[in-house]
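Novice: First the structure, which I've put down as structure tokens, then a few questions once you've had a look.
The values are calculated or read from the model by the stated rules, or taken from the named source; none is laboratory data. These figures come from a predicted structure and were not determined experimentally. With ideal geometry, Cβ positions are generated from the backbone for all residues, glycine too; neighbour counts draw on all protein chains shown.
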Amino acid sequence: MSDRLHIAQPDLTLYAMGALSPDEMKPVDAHLLVCARCKEELRKNTLALAAYAQTTPEVALPGGAKERFMARLSETAQAEGKNAKPSAVAPRIQKASFRQTIFASGVWASALAGAFAVLLAAVGVDDLRQRAEIGPLLHEAQKGEIDSVQLNQLMELLTSPQAQKVALHQSPVAAPPPEGRVVYAARTGKLLMTATNLRPLPAGKIYELWILQPGGKKPLPAGTFAPDSSGYAAMILADAPAGLTVQGFGVTVENAGGAETPTLPIVLSGF
Amino acid sequence: MDDAALLDAVAEGNQDAMAAVFDRYSRIVYCIALRVLREPSLAEDVMQEVLLQVWRRPQSFVAQRGNLAAWLSVVTRNRAIDVLRKRSPLDPLGEMPLPDPRDMALESEQSWLIDKVRGVLDTLPAEQQGPLELAYFQGLSHTEIAERTGSPLGTVKTRIRAGLMTIRKAMNA
């Protein structure tokens, strides 16, 4: 389905149409979290499909369609308490605006990303599927694009008495050192990596994760990623090399597109 | 009144503004749903559902400042395919990111763009047009299309991709 670095173009087209099976979609979902190039390609596909849909020849609406819609709208408005009465409307809009303001703020988005990084690190080792589900929420939260359902899920998580709470403080003047975590399931070939405090990279450069093997074997590339403006990055791979005996992991800076052999220096490593 | 102002009014619970959204977009939404479902009553149900989503969550459109026509078109097609396949929605309405407004900013530009796409579709080879239509408006998987047309799976994928690339080129020309 992919060339290890990017999703194959025909598959990305089918993904945009929703024509892949759920199993086929999972690795694409994970890859899109970290790959700006494939995400941009998907955006262009979606736009083209929107234009294709709009080439549909026009026909007249069925008689009375507008009246039926307005009647249903009126019922919906009453059921949801969304009508012209200011007392009913104002709190609803105010709440939505408040939430959107919070998540549109880069500061809060970064804070949320940090909180999620800790939460991701705290959840069970085997539950990579759950992490894969959390990943898109994190990504959307970082972009400030999040809908009410997901927002409610986030709010529930963050206010749960069972959830780990982390106090945030003003960042020190000196830049904190980069840190990362990797969770790798050799049996299934699933891998999760999170990193914080990563330095921004010059144009044309990208971070790359390497699987370090014992016995002097060649390090294996395990995906490229770029941090957001706060230095946070997450990568979830459903198709990492499986069945390996792993000595450790390393992160290097490579040219965009990734490399087949790591370029020194290693900016992060763990054994 | 442009879409953003209209949606601001919808967010305030203004049903007249929602009626204006209906006047502006109901026809394209209905036509796309009908093309997929071929049943007017089902198409009208999908149209109502999609437009009511605009009523329920107008702030998400305002916040993203996307192109409403494009969003409605894709969401309507996806929801109609769900109905066709009698499956639960793969994605809740509203999950799809809005296309960037820089791509299709003005209504007049958009209309011109759609005409250009119509033009290239007429010239598209049948072996590309068929799989694209089957995949997008009939919701068939690439495997189902391969079985139906007797073409290898890889060929089906390539032809769908080639058809879409032709549309993209027309949009950028």
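Novice: For B:R148, which of the numbered conditions (1) of a type in the set (K, R); (2) closer than 18 Å to A:T46 by Cα; (3) at pLDDT 80 or above fails to hold?
Specialist: (2) is the only condition that B:R148 fails.
Okay, residues lined up against (1) surrounded by 16 or more Cβ atoms within 10 Å (Cβ to Cβ); (2) assigned to a strand (DSSP E or B); (3) at pLDDT below 90:
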{"site": "A:I236", "(1), (2), (3)": "yes, yes, yes"}
{"site": "A:G243", "(1), (2), (3)": "no, no, yes"}
{"site": "A:V251", "(1), (2), (3)": "yes, yes, no"}
{"site": "A:L268", "(1), (2), (3)": "yes, yes, yes"}
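Novice: Quick one: B:E49 ticks every box in (1) more than 10 Å from every other protein chain (Cβ to nearest Cβ); (2) surrounded by fewer than 21 Cβ atoms within 10 Å (Cβ to Cβ); (3) under 15 Å from the mean Cα position of the chain (by Cα) bar one, so which box is it?
Specialist: Going through (1) more than 10 Å from every other protein chain (Cβ to nearest Cβ); (2) surrounded by fewer than 21 Cβ atoms within 10 Å (Cβ to Cβ); (3) under 15 Å from the mean Cα position of the chain (by Cα) one by one, B:E49 breaks only (1).
Novice: From the set of residues in segment B:134-159 that are surrounded by 19 or more Cβ atoms within 10 Å (Cβ to Cβ) and under 17 Å from the mean Cα position of the chain (by Cα), which is farthest from the other protein chains (Cβ to nearest Cβ)?
Specialist: B:L134
Novice: Under the condition of being over 38 Å from the mean Cα position of the chain (by Cα) and part of a helix (DSSP H, G or I), which residue from segment A:39-68 is surrounded by the most Cβ atoms within 10 Å (Cβ to Cβ)?
Specialist: The residue in question is A:A65.
Novice: A further question on this structure: From the list A:A16, A:A51, which one is touching a Ser or Thr at 6+ places or on another chain (Cβ under 7 Å) and at the interface with another protein chain (Cβ under 10 Å from one of its Cβ atoms)?
Specialist: Step by step, each of A:A16, A:A51 is checked, and only A:A16 is touching a Ser or Thr at 6+ places or on another chain (Cβ under 7 Å) and at the interface with another protein chain (Cβ under 10 Å from one of its Cβ atoms).
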